[in-house]
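Reviewing the structure listed below.
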Amino acid sequence: MIKKSTPHESAWGHVTGQSEYVDDRPFQRGELLVGVIGSPTAAGELLKIDFTEALKVPGIVNCFSAKDLAHNRWGSIFHDQPLLVEREISHYQEPLGIMVGETEEALRLARKKVQIQIAEKKPVLTIDEAREKQMFLYRATDLHRGNVTEGLSQGPHRLKGKLRIDGQEHFYLESQAAIAYPLDGDRLEVHSSTQHPTETQHIIAEAVGLPYSKVVCTVKRLGGGFGGKESQAAPFAALAGFAAMKTKRPCRLVLTKDEDMVMTGKRHPFEIHYEVGFDDQGKILALRVELYSDGGAYVDLSPSILERAMFHIDGAYYIPHILVQGVSCKTNTHSNTAFRGFGGPQGTFVIESIIEDIGQTLQKDPAAIRLLNCYGKSDHNVTHYGQKVQPNPLPDLFSEILSSSDYKKRRAEITKFNQEQNGRLRGLSCTATKFGIAFTAKFLNQGNALVHIHRDATVQVSTGAIEMGQGVYTKVAQTVCQILGLEMTNVQVMPTSTDKNANTSPTAASSGADINCGATKIACEALKKRLAWVCHQLENQNPSAVGQEMSPPPIEFTADQYRFQNQTIENLKTGKIFRLPEIVEKAYLNRLSLSEYAHYRTEGIGFDKQKAIGTPFKYFTNGVAVTEVEVDECTGQSKVIRTDILMDLGRPQNPGIDRGQVVGAFVQAQGWVTTEYLHYDEKGILYSHSPTTYKIPNIQDTPRDLRVHLLENEYNSETFNGAKAVGEPPFLLGISVWTAIKNALAHRAKSNIVSLKSPATAERVLMELQRYE
């Protein structure tokens with residue numbers, strides 16, 4: 001089952017519409033709806049919130065504000081964010097209160113009757129304003145190597161610059177949603193669209209005033225997450241849970257797409273100040289970088305996101321002298337949060353842009369600059385934080401993609417095309433991803449699994465993994481099948497629930513499959529040993545096999561000589577074959593456990609923040625992409641003509657699903673760097689908060705010619721099956737679209753450095769072209 005393109009376990013349900021999401025759950029008798037009242041201003045002081053008139057609306061059961069909650073602070077790192085505003089308003093549409101009613105119409109009418117008094121203040125909306133006012137959420141420990149000042153002074157060429165990278169809306173199809181069911185004994189069962197059921201369970205319990213053991217959070221599947229439901233699903237679930245406990249009736253809170261977009265955080269915008277020194281060939285000698293992220297109103301996950309950006313500032317390239325500094329700024333916008341790549345894309349973006357500028361300065365092909373600076377196999381293979389890039393396929397990946405994509409030939413054709421001056425420009429760029437796999441918060445690198453073998457030899461498996469379309473449930477099931485010799489139809493992955501799998505980590509950091517399949521493997525290996533022992537006893541005609549009860553297997557016994565395949569167990573030494581259902585039944589009758597719980601922890605990682613050195617990642621997932629674009633000089637619009645992607649995924653566990661992840665990540669990143677522009681007005685109100693005003697890629701935007709190849713190798717020993725994580729690493733390859741646009745503009749800029757922000761919208765491209773007229 002490993003390395004096989006087994007269909008996604010929910011594929012049939014998805015295409016037939018039978019897959020159930022939170023809001024698909026049938027309404028129960030007496031169930032109520034919860035509406036959230038958001039702040040009409042981005043900054044100010046809440047003087048009064050009065051529900052008197054709203055409570056008179058027929059169908060409204062109750063209304064609540066901050067004073068009603070048992071506990072009103074939450075946060076993944078620091079508990080600095082209120083569930084409901086008490087006094088200080090920090091962003092537009094920040095929740096001020098909730099209404100509980102019987103119908104949507106009642107909530108709509110009541111919302112108009114809630115009386116709110118606010119002393120409005122001038123909001124801080126930009127990184128520059130926050131820096132000027134010294135409004136910071138977090139300052140990271142510097143990462144450094146060598147002597148940057150000396151390295152810069154030795155370089156015959158130096159560039160200084162500033163790069164602006166805007167945010168991105170998650171745009172998951174299923175908005176934030178939760179349903180809370182009050183149970184007897186002051187207990188709560190909450191179904192939430194969350195990537196982190198454990199944190200959600202804890203925040204619900206604290207808001208209501210219950211011990212964690214009285215709250216169960218269950219997640220069947222998500223209609224998309226991308227990081228937007230790692231932390232920010234919890235407060236909405238807590239509000240639903242609180243309403244349910246107060247009213248003693250089931251309560252459903254489901255945001256509309258517009259509400260979701262204005263209330264929840266986005267990918268962090270970054271502003272980067274840099275100075276780079278390099279020689280005549282383009283060899284980078286030194287780099288000084290200051291990263292400023294826009295964390296929004298509260299801390300959320302900003303520190304970890306900033307630090308990952310700092311870890312990934314080198315991209316695929318060795319820099320002998322480097323200093324990386326990072327600060328997360330506080331602004332009056334929604335708290336920005338996790339998003340696919342978690343800071344890694346912003347960090348890698350910087351070095352890829354700088355390399356384009358070096359190529360422009362020296363009038364050399366940027367691909368040659370990349371090859372010259374690429375991490376080596378035997379030397380120049382240690383990062384600026386002390387982790388060795390080993391094994392290192394990057395030189396081979398660059399060589400292979402430049403050859404297979406006909407890069408040199410196409411570069412010559414593009415140069416000729418651009419000389420024709422026909423109103424169109426073409427650009428070509430090759431970029432890389434070297435993405436570290438692991439949570440940088442070490443304690444999160446753990447997981448557990450519970451496996452039950454039933455007497456008909458079918459299996460139920462529960463883990464802490466959250467299925468959000470990426471196929472982790474399928475990979476968990478494949479792991480069971482591989483070890484116990486079953487077909488996929490014999491394995492059922494159960495909804496994730498905190499009563500079966502407690503103290504779990506979020507499904508994030510591209511580690512969901514590594515951690516949860518790892519725990520599943522340990523549990524299945526224990527069961528395999530138990531069943532092999534039954535076969536051993538039967539085959540050797542031990543007394544227990546003919547009437548007496550079998551004892552559990554001794555510690556020294558191994559199942560190595562038994563092969564589990566096609567619902568049979570074969571002794572490889574004797575050739576004796578047993579039917580799995582019969583052995584399962586025999587184990588049950590002999591009171592041998594057919595259930596197993598296992599815990600997994602990622603070994604070999606650790607980073608000393610004080611010394612700024614260590615091994616924060618278990619391994620790196622690597623890849624390269626070559627993208628060709630065409631830019632219309634009259635409109636500024638760009639289109640992707642062709643993209644070639646080469647990913648090193650080790651020994652892919654499920655090539656079909658992994659390929660889908662590569663394509664999906666690339667296209668999502670393409671949107672981030674081209675069309676997905678978040679527009680706020682001078683008061684901090686988000687205008688682009690719906691599909692009509694926020695432009696994600698559609699089928700016409702995808703590359704006309706998209707070629708994806710998964711490079712198989714046998715040298716990844718960091719996971720049990722040799723596969724590498726795939727969720728986030730390919731996202732960084734979408735940067736090649738932006739660098740290709742920049743490369744196209746460079747043909748008009750001549751010796752000038754192209755000053756292009758991200759996303760490279762048609763308007764921005766057109767304004768940049770006007771600079772060269």
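The values are calculated or read from the model by the stated rules, or taken from the named source; none is laboratory data. This is a predicted model, so every value here is computed, not measured. Note that we place each Cβ from the backbone using ideal geometry, even for glycine, and neighbour counts take in every protein chain shown. Just the protein is used for accessible areas: all its heavy atoms, side chains included, with ligands, DNA and RNA removed. Shrake-Rupley method; radii C 1.70, N 1.55, O 1.52, S 1.80 Å.
Compute the semi-axes of the equivalent ellipsoid of the chain, taking the square root of 5 times each eigenvalue of the Cα gyration tensor, and list them largest first in whole Å.
Taking √(5λ) for each Cα gyration eigenvalue gives 44, 38, 22 Å.
Going highest first, how would you order 121-133, 389-401 by mean Cβ packing within 10 Å? Kindly include the intermediate steps, with their values, before the conclusion.
Working: 121-133: 16.7, 389-401: 19.0.
The packing order, highest mean first, is 389-401, 121-133.
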Quiz item: Over all directions, what mean area does the Cα convex hull of region 23-115 project, stated in square nanometres?
Solution: 7.3
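What value, in deg cm²/dmol to 500, does the helix sum -39500 (n - 2.57) over DSSP H runs of n ≥ 4 give at 222 nm once divided by the residues of the chain?
Details: 18 runs with 218 residues, N = 773.
Here the helix-only value at 222 nm equals -9000 deg cm²/dmol.
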Quiz prompt | Distant-in-sequence amide H partners of GLU88 (H built 1.01 Å from N, under 5 Å) | solution = LEU46
Quiz item: Roughly how many debye, to the nearest 20, is the charge dipole of region 66-143 about its Cα centre, given +1 on each Lys and Arg Cβ, -1 on each Asp and Glu Cβ, and no other charges?
Solution: 220
Practice problem: With just the Cα atoms of region 167-262, tell me how far they stretch along each of the three principal axes, in Å, largest first. | Solution: 43, 22, 21
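Over all distinct alpha-carbon pairs, what is the Kirkwood Rh of region 218-263 in angstrom?
For region 218-263, the Kirkwood estimate is 11.9 Å.
What pairs from LYS162/LYS229; LYS214/LYS528; LYS121/LYS330 go past 24 Å between their alpha carbons?
Details: LYS162/LYS229 31 Å; LYS214/LYS528 34 Å; LYS121/LYS330 15 Å.
Over 24 Å Cα-Cα: LYS162/LYS229; LYS214/LYS528.
Any of LYS67/LYS112; LYS639/LYS724; LYS248/LYS500; LYS3/LYS618 with alpha carbons more than 23 Å apart? Name them for me.
Flagged as over cut-off: LYS639/LYS724; LYS248/LYS500.
Could you look at the chain and say what percent of its accessible area is carbon and sulfur, using a 1.4 Å probe and all protein chains?
Values: 14720 of 29640 Å².
Carbon-and-sulfur percentage of accessible area, whole number: 50.
Given contacts defined as C-alpha pairs under 8 Å and at least six residues apart, what's the relative contact order of the chain, whole-number percent?
On the way: 1862 pairs, mean separation 116.0, N = 773.
Normalised by residue count, the contact order of the chain is 15 percent.
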Quiz item: Once phi is turned into ³J(HN,Hα) by the Karplus curve 6.51 cos²θ - 1.76 cosθ + 1.60 with θ = phi - 60°, what whole-Hz value does each residue of region 722-733 show in order, with x for glycine and proline?
Solution: x, 7, 10, 5, 10, x, 9, x, x, 4, 5, 6
Quiz item: Which one of ASN392, ASN422, PHE435 has its Cα pushed farthest toward the positive end of the charge dipole of region 392-455, where Lys and Arg give +1 and Asp and Glu give -1 at the Cβ?
Solution: ASN422
Quiz item: At a probe radius of 1.4 Å, what is the per-residue accessible area of ARG707, in Å² to the nearest 10?
Solution: 110
Self-check item: Overall form of region 322-391 per C-alpha gyration tensor (a/c, 1.5; a/b vs b/c)
Solution: oblate
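When the expected Rg is taken as 2.2 N^0.38 Å, what fraction or multiple of it is the alpha-carbon Rg of region 501-580? Kindly include the intermediate steps, with their values, before the conclusion.
Working: Rg = 16.5 Å, N = 80, 2.2 N^0.38 = 11.6 Å.
Ratio of Rg to 2.2 N^0.38 Å for region 501-580: 1.42.
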Practice problem: Quick one: compute the contact order of region 102-252, relative version, from alpha carbon pairs under 8 angstrom and 6+ residues apart, as a percent. | Solution: 23
Exercise. Ignoring everything but the protein chains, give the 1.4 Å probe accessible area of LEU46 in square angstrom, nearest 10.
Key: 10
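May I ask you to give the solvent-accessible area per residue for the chain, in square angstrom, as obtained with a 1.4 angstrom probe?
Numbers: 29640 Å² over 773 residues.
Here the per-residue accessible area is 38 Å².
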Exercise. Roll a 1.4 Å probe over the protein heavy atoms and report the accessible area of HIS170 in Å², nearest 10.
Key: 10
Quiz prompt | All-pairs alpha carbon distance profile, region 299-418, 10 Å steps from 0, percent | solution = 12, 34, 31, 18, 6, 0
Quiz item: What share of Cα pairs, in percent, lie more than 13 angstrom apart in region 71-120?
Solution: 67
Quiz prompt | Long pairs among LYS442/LYS611; LYS529/LYS576; LYS475/LYS576; LYS283/LYS434; LYS475/LYS573, criterion Cα-Cα beyond 21 Å | solution = LYS475/LYS576; LYS475/LYS573
Quiz item: If you stretched the chain out fully between GLU712 and GLN28, how much longer would it get, using 0.36 nm times the residue separation minus the C-alpha to C-alpha distance?
Solution: 241.2 nm
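Divide the volume of the convex hull of the Cα atoms of region 528-643 by its number of residues and quote the answer in cubic angstrom per residue. Each step should come with its number before you reach the end.
Working: hull volume 33.0 nm³, N = 116.
Per residue, the Cα convex hull of region 528-643 comes to 284 Å³.
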Quiz item: Across bins of 10 angstrom width beginning at 0, how are the C-alpha pair distances of region 625-722 distributed, in whole percent?
Solution: 13, 34, 26, 18, 8, 1
Quiz item: Each label point is 7 Å from the Cα along the Cα-to-Cβ direction; what then is the distance between the points at SER593 and GLU104, in nm?
Solution: 4.8
Exercise. Give me Rg over Rh for region 704-773, both radii from the alpha carbons and Rh done the Kirkwood way, two decimal places.
Key: 1.20
Exercise. Give me the distance between the Cα centres of region 477-554 and region 50-129, rounded to whole Å.
Key: 47
